[in-house]
Amino acid sequence: METGKTIRGGAKLAFDAAHGVTTIVEDMYRNIAATPMPLGAAPEGRAQGIAGLVHESIRRVIGTTRSSTDWILERAAPALDRTLPPGPRRGAVIAALNGVCGDYLARSGNSLAIHMQLRVLLPPARQPSEIPETESQTRNVSAEPQMLGSRLFEVQKRSVAIHPQPQALTDTEFSPTGRLLILAHGLSMNEREWTSNQHNHGEALATKSDYTPVYVLYNSGRNISTNGRELCQQLTGLLDTWPVPVESISFIGFSMGGLLSRSAMHIAKEEGHAWLAKVDKAVYVGTPHHGAVMERGGYWLQKSLTYSPYTAPLSALGRIRSAGITDLRHGNVQDEDWQHHDKHEDNSDSRQPTPLAEGIKHYAIAATLSKRSGQRIGRLLGDSLVHPSSATGRHDNPDLQLAFPEEHTKVLYDLGHLSMLHDLRVFNQLEEWLKPDR
């Protein structure tokens, strides 16, 4: 994202935050001044008297400063773009913001909102004479699973759009195959964050099994089903422009990315998209099929603040949580799972049964911080974010149970959630399951 757009979007978000904090402070002053009972309903309306005038004046100053700042930044954008080129760290910060409040960024037209793209990672562009004689040796070393964390990403790769802007098609480093490996990242992440400790599961698999990794970059703060519908459409467009015949499509979804993959496949089935017939395998890595403990805790924390008028204004902070985050409470993948209730007031599991897509081999990898089976920390926390029972699709309600064959599930011990992105055991399991002959 261009520097000018990034700074303008960041400034707009900062002013929005200042306006929101002013409202919270005013509400707290109003409630305290009314001296209500410790428990009960909070007063309504604006603060009265001088306090109300002061807070209204602050909001007007914020609005005026916002307009003048945006005017200045709009005119300074070209110079900023020339002097401050974008980098991976900026992309990571923007992805994190999208995870936290990406639905708001999209609704408010903020330039920080990520638009879904399908991308590929390519080596730095070079002339043929610049390619060292040991190039093939470097690639072979990175392909060995015991070398995780070696030289695979010692040189920073370029992220290039393949759809809806097909820039990669004209890139000399792009060598597509007919076997697509679609990789969907997790909450508050982007396509570059599949690379962890200089290892990338998708790129390593490509050297072993002739896959072409295609990375989904998306705004993880939007509803999963909204992103699922867009991914479904983009995959249709991708196949129409893919330069060689597509033999197969396989998915790897990490965390929320697994739910996104399931949502896209469900919509493809409902709407009759042809690409679904090409899908042979899908692997879900640390995916909260039945929700994540952290988001359930976030709901109860927000709800507890509403019980007292002295803390009720602070509950507005909990409402900042994006639609994507609240979808993780139970693992929503369809529009009907969230459309008909207030996610901040209703904690019920309203999901419609969404079985695994038929005719596809589905696999699940779960992790737990326990060092062995049955330890208490594993039962309570799982991998710190997702419990193994959720990651492997188990549920007390048989209608919601996901039918993973036992031999298609793997629970890994002494492993945290993010560490799954570079763990040797995860890679070995992915390699075994995604072999062409399986």
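The values are calculated or read from the model by the stated rules, or taken from the named source; none is laboratory data. Note that the coordinates shown come from a computational prediction; the quantities given were computed from them, not determined experimentally. Neighbour counts run over all protein chains shown; Cβ positions are idealised from the backbone, glycine included. Only protein heavy atoms, including side chains, enter the accessible area calculation; ligands, DNA and RNA are left aside. Shrake-Rupley method; radii C 1.70, N 1.55, O 1.52, S 1.80 Å.
With every protein chain left in place and a probe of 1.4 Å, what is the accessible surface of HIS266, to the nearest 10 Å²?
Only protein atoms counted, so the area is about 50 Å².
On a 32 Å Cα-Cα criterion, which of the cross-link pairs LYS278/LYS371; LYS208/LYS371; LYS343/LYS435 come out too long? Can you show the working numbers first?
Values: LYS278/LYS371 39 Å; LYS208/LYS371 30 Å; LYS343/LYS435 41 Å.
From LYS278/LYS371; LYS208/LYS371; LYS343/LYS435, over 32 Å: LYS278/LYS371; LYS343/LYS435.
Once label points are set 7 Å from the Cα along Cα→Cβ at both LYS278 and SER248, what is their separation, rounded to one decimal in nm?
1.4
Would you list PHE254, PHE174 from the most to the least accessible area, probe 1.4 Å? Before the final figure, lay out the partial values.
Values: PHE254 5, PHE174 25 Å².
If we order PHE254, PHE174 from most to least accessible, we get PHE174, PHE254.
Give me the percent of Cα-Cα pairs in the stretch 205-283 that sit more than 17 Å apart, rounded to a whole number.
Every Cα pair in the stretch 205-283 considered, those over 17 Å come to 44 percent.
How do the peptides 93-102, 331-340 rank, highest first, by the average count of neighbouring beta carbon atoms within 10 Å per residue? List each step's numbers first, then the result.
Details: 93-102: 22.6, 331-340: 19.6.
Highest to lowest by the protection proxy: 93-102, 331-340.
Leaving out ligands and nucleic acids, and using a 1.4 Å probe, what accessible area per residue does the stretch 384-438 come to in Å²?
Numbers: 2840 Å² over 55 residues.
So the stretch 384-438 comes to 52 Å² accessible per residue, rounded to a whole number.
In whole Hz and in residue order, list the ³J(HN,Hα) couplings for the stretch 351-363 that follow from phi through the Karplus curve 6.51 cos²θ - 1.76 cosθ + 1.60, θ = phi - 60°; x for Gly and Pro.
Calculated HN-Hα couplings, in order: 5, 8, x, 10, x, 4, 4, 6, x, 10, 7, 10, 10 Hz.
Rank ILE325, ILE365, ILE58 by accessible area, highest first, at a 1.4 Å probe radius? All intermediate terms of the calculation are to be shown ahead of the outcome.
On the way: ILE325 30, ILE365 0, ILE58 70 Å².
Final ranking, largest accessible area leading: ILE58, ILE325, ILE365.
Apply 1/(1 + (r/R0)^6) to the Cβ-Cβ distance of ARG372 and SER175, taking R0 = 51 Å, and write down the FRET efficiency to the nearest 0.05.
Numbers: r = 44 Å, r/R0 = 0.86.
Efficiency, rounded to the nearest 0.05: 0.70.
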